[in-house]
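Remarks on the structure that follows.
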Amino acid sequence: MISWLRQLRAAFGTSFLWLISLIYFTQGFRSFVWTAISYQMKDILKLSPSASQFVVSIALIPWSIKPLYGILSDCIPIRGGKRIPYIVVATVLSLFPWILLGVESSFRSSITSLMILLTVQNVGSAMSDVVVDAMIAEAVKSERASFAGDLQSISWSSMAIGGIFGSFLGGYTLKNLSTDKIFFLFSILPTIQLFSCGLVQDVPSGTKVLLGNASSEDPFGKLKLDANSNKTSKPEQFGFQKRRKSKAKSKKRKRTITSSVNQNSQKSLVKTWYASLRSAVVSLFLAFKQPIILRPMAWFFLARISIPNLSTVMFYHQTEFLHLEASFLAYVRVLGWFSLMFGTFTYNRFLKHMSLRRILMWAHVGLATLTLLDIVLVSQLNVKFGISDKVMVLCGSALADAINQLKMMPFLIISGQLCPPGIEGTLFALFMSINNFGSTLSSIFGVSLASVLKISSDSFDNLVIGLCVQLVCTFIPVGFLFLIPAEVTGKSS
């Protein structure tokens with residue numbers, strides 16, 4: 001273990017490993033503060049389940065436009081840097097919303113302000129997620145390609161550890177601290193991340209910015225030199241006033257030439273950026289419209305939007321109807337992170353050679369089973385058999401995260417196999433955005449269903465009907481599995 005870490009440190013440097021580990025740890029640790037957000041909307045703002053889920057759905061939209069961040073960091077450098085400046089911007093966007101929510105109570109008590117600040121915060125989190133993925137991809141090129149799996153292991157491990165600690169501490173702090181203090185505590189991590197950016201050397205953009213003073217090698221410097229040399233050979237023939245006028249005209253001419261040069265350089269730079277952006281978008285479009293890419297992505301998108309997400313409604317049911325404590329639900333999330341890692345291990349150990357069609361089919365059978373467990377919990381049939389509500393919630397959460405990971409692994413695998421060389425990072429970000437956008441639409445579908453059924457924090461009478469609709473919808477994507485190539489497994493494309 002120690003020798004492995006030494007090899008990684010020698011290959012990439014301590015500061016680089018620290019930064020990517022910190023960013024992924026922070027992504028996982030977000031469960032610490034989002035648990036407080038859930039209770040803020042439920043207990044302080046008194047929002048209905050549908051309203052809470054709608055706020056969260058809107059706030060998560062920035063995760064659906066991840067390719068935009070990738071294209072911007074690829075094509076438009078900031079002060080000559082492609083990655084670190086964007087990490088700094090992303091960290092600032094992630095940091096200040098939590099500080100504002102901690103300082104000003106009016107921001108916490110207003111639905112509009114809360115939704116705007118959460119959206120801004122997610123812009124920063126999503127941007128840093130995309131840029132750090134690009135940094136990892138660049139770091140493992142050429143002679144360091146053998147370390148690609150090692151960096152991914154560090155990334156996933158850091159996020160899982162962050163999720164475990166965030167969920168565990170989230171339940172404790174909710175019981176002992178107010179939400180404003182929780183927001184302040186979470187802002188410590190983005191602050192450390194912001195200072196850590198200064199420790200890592202950025203990848204040069206390769207774009208020469210022709211602003212400011214011209215170098216001796218460019219034509220602009222030559223133009224300035226010509227302007228300086230435009231003097232009268234015999235100044236003594238002129239009077240004092242004429243010499244002053246000549247100097248004034250010379251200075252004016254130099255300023256005009258310099259201004260013209262800078263304007264031309266700015267226009268040239270903008271044209272370069274535009275051409276680069278246009279090329280990236282065209283390449284992305286041409287790659288994505290190929291049937292071998294479009295069909296599988298269409299299935300994963302359909303698999304998201306066809307199933308209404310009732311997770312927020314179930315959270316309200318567990319806290320308002322079953323009266324489960326925040327600390328217990330935090331432990332449930334900790335168990336969920338462990339089951340997620342177990343799902344990853346199970347896939348890598350036993351399911352690599354299985355057809356992805358079969359894996360996805362059984363994953364949806366598992367999701368249907370989870371919905372049946374929710375129906376049993378909501379109808380309180382478990383009590384008749386002497387099974388407590390806490391046992392049902394624990395078992396359901398453990399199975400849910402493991403099964404969802406078994407469904408996510410094929411998505412990650414097929415996404416990696418379909419990405420053509422040259423635009424791997426941006427196209428993969430597009431795939432993730434499609435998945436995230438499908439999740440947002442699924443949440444809105446769930447909001448609409450809960451509203452139609454008149455489910456509220458005081459009335460869960462029709463929740464069983466909503467879960468039955470969810471159960472039926474779970475099998476819709478199974479009928480479209482023909483969109484997934486039959487020969488694709490976890491080992492071959």
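The values are calculated or read from the model by the stated rules, or taken from the named source; none is laboratory data. Given the structure is predicted, the values throughout are model-derived calculations rather than measurements. Cβ: placed from backbone, ideal geometry, glycine included. Neighbour counts: every protein chain shown. Note: areas computed on protein heavy atoms with side chains; ligands, DNA, RNA excluded. Shrake-Rupley method; radii C 1.70, N 1.55, O 1.52, S 1.80 Å.
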Handout entry: Nearest-10 value in Å² for the accessible area of HIS353, using the 1.4 Å probe
Key = 150 Å²
Completion exercise
Ignoring ligands and nucleic acids, LEU100 exposes an accessible area, probe 1.4 Å, in Å² to the nearest 10, of 70 Å²
Problem - Distance between the range 60-112 and the range 290-310 - C-alpha centres, whole angstrom - result: 28 Å
Handout entry: J(HN,Hα) series, the range 306-316, from Karplus relation 6.51 cos²θ - 1.76 cosθ + 1.60, nearest Hz, glycine and proline x
Key = 7, 10, x, 8, 10, 5, 5, 4, 5, 4, 5
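Once the piece of chain linking PHE350 and ILE78 is laid out straight, how much longer is it, given 0.36 nm per residue of separation minus the C-alpha distance between them? Please report the intermediate quantities before stating the final value.
Details: separation 272, 0.36 × 272 = 97.92 nm, distance 4.56 nm.
Using 0.36 nm per residue and subtracting the Cα-Cα distance, I get 93.4 nm.
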Handout entry: Efficiency of FRET between GLN380 and ALA137 - r from beta-carbon atoms, R0 41 angstrom, step 0.05
Key = 0.25
Problem - When the convex hull of its Cα atoms is projected in every direction, mean area for the range 338-436 (nm²) - result: 7.7 nm²
Exercise for the section: Provide the gained length on full extension for the span THR14 to SER451, in nm with one decimal, where the gain is 0.36 nm per separating residue minus the Cα-Cα distance. Expected result: 152.2 nm
Problem - Gain upon complete extension [PHE342, SER327; 0.36 nm per residue less C-alpha separation] - result: 3.1 nm
Practice task
Within the set of other residues whose C-beta is less than 10 Å from the C-beta of ASP180, count the net charge using Lys and Arg as +1 and Asp and Glu as -1.
Solution key: +1
Practice task
Please report, in cubic angstrom per residue, the volume enclosed by the convex hull of the alpha-carbon atoms of the range 32-132.
Solution key: 93 Å³
Exercise for the section: Using a Förster distance of 56 angstrom, determine the FRET efficiency expected from the C-beta separation of VAL391 and SER283, and round it to 0.05. Expected result: 0.60
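Give me the compactness ratio for the range 31-74, meaning the Cα radius of gyration over 2.2 N^0.38 Å.
Cα-based Rg divided by the globular estimate yields 1.53.
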Exercise for the section: Calculate the length of the line joining the C-alpha centroid of the range 328-348 to that of the range 434-493, in whole Å. Expected result: 21 Å
Handout entry: Backbone HN-Hα couplings from phi across the range 462-470 [Karplus 6.51/-1.76/1.60, Hz, Gly and Pro as x]
Key = 9, 5, 4, 5, x, 5, 5, 4, 4
